[in-house]
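Notes to accompany the following structure.
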Amino acid sequence: MDGFSLSDAPLDGARLRAALEAQGVGAVVCFEGRVRDHNDGRAVNGLSYQAYAVLAGAEGQKIVAEARQRYAVERIVCVHRTGDLALGEVAVWAGASAGHRAAAFDACRYVIDQVKARVPIWKREHYVDGDSEWLHPGSH
Amino acid sequence: MNYRLLYFASLSDAAGRAEETVASDARDARALYAELAARHGFKFTPERLRVAVNGAFTGWDRQLADNDEVVFLPPVSGG
């Protein structure tokens, strides 16, 4: 559980949070990225995520290792969904536990920011008007 | 040489497939992309893509070997 993984099933926040338990933990920070009902001025009614699983797993683990080096953390967990998601569903979950809050906040923020920027995962937005589109930042 | 290609997101839509094996005279990733972009109408310039060979990121000048798995990765949008 500790580290980065992909999941094609809904994420269980309580179970993921439990994986952050460790001796000496005084702070736990969790982030949930959820499917929003709009993007870029268009009404959205769902998302699909696709991953290049082998490389996504390796790059995600590399990010977690970087966070461990940078911050005094106990545990780091990050899971990204694949497949079709409905509005409000958790698309990505990231959490960090540490002795003190600063390291937990910093590590959680580092992991989610780097995962979004580097891990080979793509989202397809499904719009209320029936259209759908893969998002590739920088295309517009 | 034969290369195994995997396509993701809009590149998969443009190619009309998620994977294919191609016979090509291209010897590096840049030449192979140019060939496939022409064939499938890929709109991305190489500067906007990353390259992976056999499951690891690499550079455009990477020399390819027979049966390599090659992936051209469009800008990611996880999260």
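The values are calculated or read from the model by the stated rules, or taken from the named source; none is laboratory data. Just so it is clear, the model here is predicted, and its values are computed rather than measured. Neighbour counts run over all protein chains shown; Cβ positions are idealised from the backbone, glycine included.
Residue count for region A:112-140 under the criterion of being free of Cβ contacts under 8 Å to residues at least 60 places away in the same chain, touching a Phe, Trp or Tyr at 6+ places or on another chain (Cβ under 9 Å) and among the charged types (D, E, K, R): the result is 1. Consider B:R48 carefully, then state whether it is modelled with pLDDT of 95 or more and away from chain A (no Cβ under 12 Å). Here the answer is no, as B:R48 does not meet what is asked.
The residues listed here are A:V54, A:V73; of these, the one that is more than 21 Å from A:A102 (Cβ to Cβ), free of Cβ contacts under 8 Å to residues at least 40 places away in the same chain and hydrophobic (A, V, I, L, M, F, W, C) is A:V54. One residue stands out in region A:1-39 among those that are assigned to a helix (DSSP H, G or I) and of a type outside the set (D, E, K, R): the one that is surrounded by the fewest Cβ atoms within 10 Å (Cβ to Cβ), namely A:A14.
Scanning region B:46-59 for residues that are over 23 Å from A:G138 (Cα atoms), basic (K, R) and out of contact with any strand residue (DSSP E or B) (no Cβ under 7 Å at 6 or more places or on another chain) turns up nothing. One residue stands out in region B:31-49 among those that are in a loop (DSSP other than H, G, I, E, B) and in contact with a helix residue (DSSP H, G or I) (Cβ under 6 Å, 6 or more places away or on another chain): the one that is surrounded by the fewest Cβ atoms within 10 Å (Cβ to Cβ), namely B:G41. Considering only residues in region B:51-71 that are in contact (Cβ under 8 Å) with a residue 40 or more places away in the chain and surrounded by 16 or more Cβ atoms within 10 Å (Cβ to Cβ), the one that is nearest to the other protein chains (Cβ to nearest Cβ) turns out to be B:V71.
Just so you know, in region A:49-93 the residues that are touching a His at 6+ places or on another chain (Cβ under 9 Å) and within 17 Å of A:G33 (Cα to Cα) include one that is nearest to the other protein chains (Cβ to nearest Cβ), and it is A:V92.
Could you look through region B:2-30, keep only residues that are part of a loop (DSSP other than H, G, I, E, B) and on the phi < 0 side of the Ramachandran plot, and pick out the one that is farthest from the other protein chains (Cβ to nearest Cβ)?
The residue in question is B:D25.
Looking only at residues of region A:100-125 that are out of contact with any helix residue (DSSP H, G or I) (no Cβ under 8 Å at 6 or more places or on another chain) and buried (at least 20 other Cβ atoms within 10 Å of the Cβ), we find that the one that is nearest to the other protein chains (Cβ to nearest Cβ) is A:K123.
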